[in-house]
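Visitor: After the C-alpha cells below, expect a handful of questions from me.
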Amino acid sequence: MYRRSMHMDAAGEVLLERRGCAGVITLNRPKFLNALNLNMIRHIYPQLKNWEQDPETFLIIIKGAGGKAFCSGGDIRVISEAGRANQKIAQDFFREEYRLNNAIGSCQKPYVALIHGITMGGGVGVSVHGQFRVATEKSLFAMPETAIGLFPDVGGGYFLPRLQGKLGYFLALTGFRLKGRDVYAAGIATHFVDSEKLGMLEEDLIALKSPSKENIADVLEAYHTKSKIDQDKSFILEEHMDKINSCFSANTVEQIIENLQQDGSSFALEQLKVINKMSPTSLKITLRQLMEGSSKTLQEVLIMEYRLSQACMGGHDFHEGVRAVLIDKDQSPKWKPANLKEVTEEDLNSYFKSLASNDLKL
C-alpha cells in the first residue's frame, strides 16, 4: 500500500492526500458543483506549497468529486452577501484566490487538472494555469462573468488573449460555452480523454516511480491518442473563426457591436443578442482587461484583476447580477449605467486604478 495521509477540515470540503508519487487535491462539494470558497482556498494553498518542496511528491493532481463538475466557479453568492455587508471577506477571497492561481501558474511540479464536468470561473483559475489540463466529453467550459456584472478574472486577462486569434475575446465577452473535445480544440485543455478512462489514467499517473515531466506527458499523450469519443468532430467555432477574428479585433465594445451588426450573419446576430444582455460596465472592463493582459505576465494580470475585483465589489452591477441570476433568478438585471455610452473613459480608468498599499502582493 502506498502512504496515504489525509488532511480534512470539519466539513471535508477539500480532500488533500498523498497517493503514490502524487499529491491529490479533490474539490469535495458536489452538491454545490464544487464551487470554491475561502475555506477550500486556505487548505489548498499551503498544501500545494508543501508538495512543491517535498522531494517525495513528483506531481500534483486536482479533480472534482461527484462526476458532474470539476468546479463551477467561486462561491460568489457568499461573496456578494459579504461585500454588501462591507465585510473583509470580499477582499480576502479575491486576494487569496489570486495568490492560489499564481502559485499554480508558477508551480515547480507538474500539475494535472482533470477538468471533467462543469469548469467555469474560479474552476478555470485552479486548472488553466497548470501545466496539464485533461478534458473529457463531459467537460463544459465557460467564463460567464459579464452576465453577472463581473469580468473573467482568475487570470482570464492572461490566458484568454493568448488563445488562437480573437477566440478569447469572444469567449470573455459572450460567455460562450465550449463542450467536450472543443475545450481541447480551443487550447484550454492540453489533452482529451474519454471519461470512462479517467480513473485508470489517474491510477497510472499515481503508480509512476519518480516520474519526470516527460514521463507524465507520455502517459497523458497515450490516453489522449486512444480516446475515441468525437474523434472526428471539427471544432464547433471553426467555421466562425474568420468572423470572430474580424469582428472582435476592434478596440472598443461599440465597434465590436457595429462589426457584428454589419456582418449580419445569423451567428453574428446571435452573439449580438447575447452581448446586449451583459453589463455594459463589465463589457468595457473586460475588453480593456484582455487588451492590457495580452502583454502582461500572469502576476501583473492578477494584480490588475485584484484592483478590478475590488472596484466591482464597491459598484452596483455585480450585486445586481448575482441577485438576478443566482438569488431571485428572474434573469433580468437592471444594469447601471444601462448602456455603453454612459460608461465613460473616466469610469473605466477608476476601475484600473492602483490600490496603493492595498494592492495584491504576489
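Visitor: Name the most mobile residue of 277, 233, 63, meaning the one with the largest mean-square fluctuation, in a Gaussian network model of the chain with Cα contacts below 10 Å.
Guide: Highest fluctuation of the listed residues: 233.
Visitor: Could you rank 174, 344 by how accessible they are, 1.4 Å probe, largest area first?
Guide: 344, 174
Visitor: If you don't mind, another one. Quick check: the angle from helix 298-314's long axis to the longest principal axis of the chain, C-alpha only, nearest 10 degrees?
Guide: So the inclination is approximately 50 degrees.
Visitor: Can I ask one more? What does the extension gain come out to for residue 353 and residue 249, with contour length at 0.36 nm per residue minus their alpha carbon separation?
Guide: The span from residue 353 to residue 249 would gain 34.9 nm if fully extended.
Visitor: Okay, next question. Top mean-square fluctuation among 227, 195, 265, Gaussian network model of the chain, C-alpha springs under 10 Å?
Guide: Among 227, 195, 265, the largest mean-square fluctuation in the Gaussian network model of the chain belongs to 265.
Visitor: Using only the Cα atoms of segment 41-166, each taken as one equal point scatterer with no solvent, compute I(q) by the Debye sum, divide by I(0), and report log10 of the ratio at q = 0.14, 0.16 Å⁻¹.
Guide: -0.64, -0.83
Visitor: Can you give the angle from 0 to 90° between the axis of helix 253-263 and the longest principal axis of the chain, with both taken from C-alpha atoms, to the nearest 10?
Guide: Computed tilt is about 90 degrees.
Visitor: Right, here's the next one. Specify the angular offset, from 0 to 90 degrees and rounded to the nearest 10, of the alpha carbon long axis of helix 89-105 from the longest principal axis of the alpha carbons in the chain.
Guide: Helix 89-105 and the main axis of the chain meet at about 60 degrees.
Visitor: With a 1.4 Å probe and all protein chains left in place, how much accessible area per residue does segment 36-92 have, in Å²?
Guide: Details: 2540 Å² over 57 residues.
Counting only protein heavy atoms, the per-residue value for segment 36-92 is 45 Å².
Visitor: Right, next: In µm²/s, what is D for segment 118-264 at 10 °C and 1.306 mPa s, where D = kT/(6 pi eta Rh) by Stokes-Einstein and Rh is the Kirkwood radius from Cα pairs?
Guide: Details: Rh = 16.6 Å.
The Stokes-Einstein estimate is 96 µm²/s.
Visitor: Further question on the same structure: Restricting everything to alpha-carbon atoms, can you work out Rg to Rh for segment 278-362 with a Kirkwood hydrodynamic radius? If you can, show how the numbers build up before the last one.
Guide: Details: Rg = 13.8 Å, Rh = 13.8 Å.
Here the Rg-to-Rh quotient is 1.00.
Visitor: Same structure again: Given the options 209, 68, 138, which has the most mean-square fluctuation in a GNM of the chain, springs set between C-alpha atoms less than 10 angstrom apart?
Guide: With Cα springs under 10 Å in the chain, the top fluctuation among 209, 68, 138 is at 209.
Visitor: Considering only protein heavy atoms and a 1.4 Å probe, what is the carbon-and-sulfur percentage of the accessible area of the chain? Walk me through the intermediate numbers first.
Guide: Working: 7760 of 15420 Å².
Accessible surface attributable to carbon and sulfur in the chain totals 50 percent.
Visitor: Per residue, what accessible area does segment 130-256 have, given a 1.4 Å probe and all protein chains present, in Å²?
Guide: Values: 5150 Å² over 127 residues.
Heavy-atom SASA per residue in segment 130-256 reads 41 Å².
Visitor: Please quote Rg/Rh for segment 165-209 to two decimal places, taking the Kirkwood radius as Rh and restricting both calculations to Cα atoms.
Guide: Numbers: Rg = 14.6 Å, Rh = 12.6 Å.
A ratio of 1.16.
Visitor: Hey, what's the per residue convex hull volume over the C-alpha atoms of segment 98-138, in cubic angstrom?
Guide: 48 Å³
Visitor: From Cα coordinates alone, what are the radius of gyration and Dmax values for the chain in angstrom?
Guide: Values for the chain (Cα only, Rg and Dmax): 20.1, 64 Å.
Visitor: Once you've got the Cα coordinates, tell me which of 197/243; 88/284; 277/353 are over 32 Å apart.
Guide: Correct reply: 197/243.
The values are calculated or read from the model by the stated rules, or taken from the named source; none is laboratory data. Quantities reported herein were computed from a predicted structural model and do not represent experimental measurements. Heads up: the accessible areas ignore ligands, DNA and RNA and are worked out on the full protein's heavy atoms, side chains in. Shrake-Rupley method; radii C 1.70, N 1.55, O 1.52, S 1.80 Å.
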